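What follows draws every value from the coordinates through simple rules; no lab data is involved. Just so you know, these numbers come straight off a predicted model, no measurement behind them. We place every Cβ from the backbone using ideal geometry, glycine too, and count neighbours over all the protein chains shown.
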Amino acid sequence: MAVRLRHRALARWRPGREIGEAIMISGLGAAFFYLFAFVAVGSAFMVIAARNPVHSVLYLILTFFNAAALFLLTGAEFLAMILLVVYVGAVAVLFLFVVMMLDVDFASMKRGALEYAPIGAVVGIILAAELLIVLAGAAFDVEKPAQTALPAPNPVVRHNTAALGDILYTDYIFFFQIAGIVLLVAMIGAIVLTLRPQRAGVKRQNMSQQVARTPETAIDVVDVETGKGI
Amino acid sequence: MSADFLSQGLALSIPELILAAGAMVLLMVGVFVPADRANATVTGLAVALLIAALGWMLFIGGRGEAFAGAFVQDGFAVFMKALTLIGSVVALAMSVGFARAEKFDRFEFPVLIVLATLGMLLMVSANSLLTLYMGLELQSLALYVVAAINRDSVRSTEAGLKYFVLGALSSGMMLYGISLIYGFTGHVGFAEIAAALTGGERSIGVLFGLVFLIAGLAFKISAVPFHMWTPDVYEGAPTPVTAFFAAAPKMAAMAMFVRVVMDAFAPVTADWRQIVVFIAIASMLLGAFAAIGQRNIKRLMAYSSIGHMGYALVGLAAGTLVGVKGVMLYMAIYLVMTLGTFAFILAMRRKDEGNVENIDDLAGLSATNPVMATVLTIMMFSLAGIPPLAGFWAKWYVFLAAIEAGLYPLAIIGVLASVVGAYYYLRIIKLMWFDESVGGFLPVAAELRLVMGVSGLFVLGYVLIGGPIAATAEAAARTLF
């Protein structure tokens with residue numbers, strides 16, 4: 001129970017109280033952070049730049065791996081593993097299936113996209129510049145309490161999977177339930193949009209018929225006269 | 001977690017629980033009822049569910065906050081939720097005849113409408129950015145599917161895909177804004193954000209996040225410059241779906257817009273007011289001018305709705321009690337007018353052509369179906385804002401709020417835009433009463449007759465019954481201040 005109370009105190013944390021303290025990364029941690037961050041950004045770029053769609057999906061998987069590594073660096077190992085299991089294990093593999101099974105002509109789609117590339121680049125650069133101007137001044141101001149990272153629970157006292165479970169099913173039960181309904185809607189939607197009532201003229205596999213076949217019903221022995229054919 | 005936390009939360013959210021559990025039961029009902037009766041049965045039960053939720057909320061349910069401030073059920077929420085539920089019920093009831101005639105009879109349709117309505121209720125009750133986003137996604141996901149539900153029609157599929165891609169983009173922008181707001185204030189709860197913004201100077205990062213958040217909200221109410229999807233989706237989706245889109249989601253999204261800016265960002269009113277003023281002016285002007293050239297009545301109603309969202313935002317721009325009351329009344333009156341008009345559009349059936357959608361098909365309607373022509377005339381006069389019909393009073397409330405807040409240019413532009421907009425509403429009336437007849441419509445189904453009759457009476461009689469409605473809205477608006 002003590003752990004829960006401590007956690008409650010964290011939940012009520014407000015900027016300006018003394019718990020918050022900026023996390024500075026340095027040394028080996030910093031080196032790995034930059035390694036993973038650069039590879040993540042680079043492979044994310046390759047996802048949209050690669051010519052072969054299968055390569056795009058593989059770069060996407062690389063991006064997920066690096067993002068998971070970044071989670072590990074901040075001590076969120078549960079999120080890191082979930083990212084691997086859900087995104088790499090399920091979503092990316094599904095993408096790969098879709099890309100390989102659907103014969104989409106990505107080259108002609110890219111040609112269309114190139115027409116809009118100049119205007120897209122202009123809008124993107126303006127937006128990025130504005131973001132830099134706005135955020136560069138404010139985000140790196142370590143003096144402001146709102147910008148400091150929230151303290152992470154001490155992993156020795158409380159495992160972060162347990163800490164997540166603690167609040168996910170209690171304080172955040174409401175959001176958890178809505179997320180469940182959102183998934184239900186996704187499921188209904190997928191079925192509504194793809195499942196068609198049986199149409200006439202479509203041949204389907206009939207297991208019982210197949211199993212019930214015997215040599216007598218399946219094979220016809222015909223005595224064929226030479227040179228006549230059947 | 002104490003038992004109070006859960007029991008109080010569950011007690012307050014019973015209308016939502018009715019819809020959530022009911023939707024799951026309906027799915028099972030749909031599976032076990034024979035296929036030819038499934039749509040009608042499930043639609044009937046869905047209407048009953050929505051009415052049960054409405055009744056519980058109005059007469060039994062309590063008021064207050066729950067789930068650690070994530071969910072709020074106050075007077076404002078109850079008023080806007082009632083509008084949302086009424087919109088869903090009427091749109092669903094109107095879909096029955098169309099479903100039968102056009103072989104559009106999937107029982108999943110009413111279930112998805114119930115789930116979308118659940119998302120809308122959560123949006124209206126959102127008291128933190130998390131609830132807001134979850135409710136919005138629940139609603140949007142169901143709406144994308146519903147827009148594309150007629151898979152054999154290329155236009156319906158295109159409408160669904162377009163809505164999905166643009167909706168996902170707007171959700172992305174909104175989430176980015178939310179992350180900035182969280183990063184710079186340290187909170188997602190509306191009350192906490194407001195507290196963090198009072199006092200100390202506001203940082204430019206929060207405003208940046210607010211701009212992205214407003215962009216996402218403006219997309220959901222289809223205000224300019226985030227309106228592009230509206231005409232295509234309105235035209236492409238099956239007509240009962242369009243009627244639903246025009247009614248319920250607009251109520252919820254506008255309620256969410258009002259609560260976000262009036263609750264969480266009240267301390268920085270001057271900053272968001274200029275954005276809302278711009279969106280309002282652009283929407284009113286585009287709604288007035290772009291509708292002039294439209295020949296398809298569903299497309300015309302799309303531009304009309306863009307314009308009307310602009311007028312509603314005029315009240316929000318004022319940022320006062322009178323302004324919020326104006327927005328609420330505007331939405332209430334708009335709901336009735338839009339449902340009445342869509343009941344008429346659904347009734348535009350000919351024997352050999354099925355449902356027709358062109359304005360020219362209305363020519364000379366006064367000779368063949370005088371009652372229908374009269375109802376649409378009342379609706380069009382009201383949408384144009386001719387006194388003493390309801391539409392006039394709606395505009396009167398919001399312009400009054402704008403003038404009290406000193407926003408004279410906004411009010412003047414709004415009045416001018418409504419004069420321009422009157423042209424296309426009046427053109428329809430001219431077509432019906434003064435042009436050569438091109439043939440009448442089939443007899444109108446009972447439920448459509450009822451909706452047309454009630455909305456026509458409401459619009460005509462608003463002068464008499466407007467007082468108590470305005471008083472209710474004012475009492476409800478007070479809970480935000």
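Both numbers refer to the Cα atoms of the protein assembly as shown; Rg and Dmax are 28.3, 105 Å.
The Cα atoms of the range B:268-480 define a convex hull whose projected area, averaged across directions, is 11.7 nm². Ordering B:86-92, B:365-371, B:435-441, A:190-196 by mean Cβ neighbour count within 10 Å, with the highest value first, yields B:86-92, B:365-371, B:435-441, A:190-196.
For peptide A:167-180, the mean count of partner chain Cβ atoms within 10 Å of a residue's Cβ comes to 5.
Taking a straight Cα-Cα cut-off under 12 Å and skipping sequence neighbours fewer than 8 places away in the same chain, no aspartates and glutamates fall within cross-link reach of A:LYS110. Listed by Cβ neighbour count within 10 Å, with the fewest neighbours leading, A:LEU73, A:LEU94 appear as A:LEU94, A:LEU73. Rg and Dmax over the alpha-carbon atoms of chain B stand at 21.5, 72 Å.
Put simply, when A:176-184, B:460-468 are sorted by average Cβ atoms within 10 angstrom per residue, most first, you get A:176-184, B:460-468.
Counting Cβ atoms of other protein chains within 10 Å of each residue's Cβ and taking the mean over peptide B:134-144 gives 4. For chain B, the longest piece that avoids every one of the trypsin sites (Lys or Arg not before Pro) found in DSSP loops with at most 13 other C-beta atoms within 10 Å covers B:104-294.
Relative to the present Cα-Cα distance, how much length would full extension add between A:GLU216 and A:VAL86 at 0.36 nm per residue of separation?
41.7 nm
Legend: distances between Cα atoms for B:LYS103/B:LYS351; B:LYS162/B:LYS351; B:LYS81/B:LYS103; B:LYS162/B:LYS325; B:LYS250/B:LYS325; B:LYS162/B:LYS220; pairs beyond 23 Å are B:LYS162/B:LYS351; B:LYS81/B:LYS103; B:LYS162/B:LYS325.
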